[in-house]
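Chemist: Submitted below is the structure of interest, expressed as structure tokens.
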Amino acid sequence: MLVLGVDPGTAQTGYGVVRGDGTRPPTLVECGVIRTRARDALPARLRDIYDGISELLDRHHPDAMAVEDVFYARNVRTTIVLGHARGVVLLAGQQRGVPIHEFPPAEIKKAIVGRGAATKEQVQFMVTRLLRLKSAPQPADAADGVAAALACIMGARVPRLQLVQGHGT
């Protein structure tokens, strides 16, 4: 199974493409970030995120997408803007018929580290160990995208599975 994991953000959207079937250790295919320009208006930044995710989906043809769900920031505006970024990520996957799994950040951390309150450093450490890498994916947003993909492959509970082959929920 090939999974595209995504950690949405308007400045940087982290992603990781991971292959795994549960019988062998998972392998990292690609990871990185989609960067947007801070001086650009929000619609232009959303277009850049959409285009970047679309390109990844078209290049890798993943079996599933694992997208980090919204966390509730202290700043309401931050939460709303993050929701916009998630929206274009979900749209790109939906348009291509890719099953989308959404995971709360704490659930991804629990699947990877064993506890939902894990730090970014702990997630990076475990991603490195699980994928048998020499160093952690950089930057941290890329490691978070990889962690989302790993959580999906490792069979974390899927709170909202969207079946997109004609029967969206």
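Chemist: State all residues of the range 27-48 that are modelled with pLDDT of 95 or more and part of a loop (DSSP other than H, G, I, E, B); if no residue qualifies, say none.
Modeler: Residues satisfying the conditions are Thr36, Arg37, Arg39, Asp40, Ala41.
Chemist: Can you name the residue in the range 85-108 that is touching a helix residue (DSSP H, G or I) at 6+ places or on another chain (Cβ under 6 Å) and in a helix (DSSP H, G or I) and is also farthest from Asp40 (Cα to Cα) among such residues?
Modeler: Out of the qualifying residues, it is Ile108.
Chemist: So, one more: Does the range 99-112 contain at least one residue that is among the acidic types (Asp, Glu) and either in contact (Cβ under 8 Å) with a residue 24 or more places away in the chain or touching a Gly at 6+ places or on another chain (Cβ under 7 Å) (or both)?
Modeler: The answer is yes; a qualifying residue exists.
Chemist: Hey, another quick one. Test each condition in (1) more than 13 Å from the chain's Cα centre (by Cα); (2) closer than 17 Å to Met154 by Cα; (3) of a type in the set (D, E, K, R); (4) surrounded by 12 or more Cβ atoms within 10 Å (Cβ to Cβ) for Arg115 and report the one that comes out false.
Modeler: All conditions pass for Arg115, except number (4).
The values are calculated or read from the model by the stated rules, or taken from the named source; none is laboratory data. The structure displayed is predicted, hence computed values, not measured ones. Backbone-built Cβ (ideal geometry, glycine too); neighbour counts: all protein chains shown.
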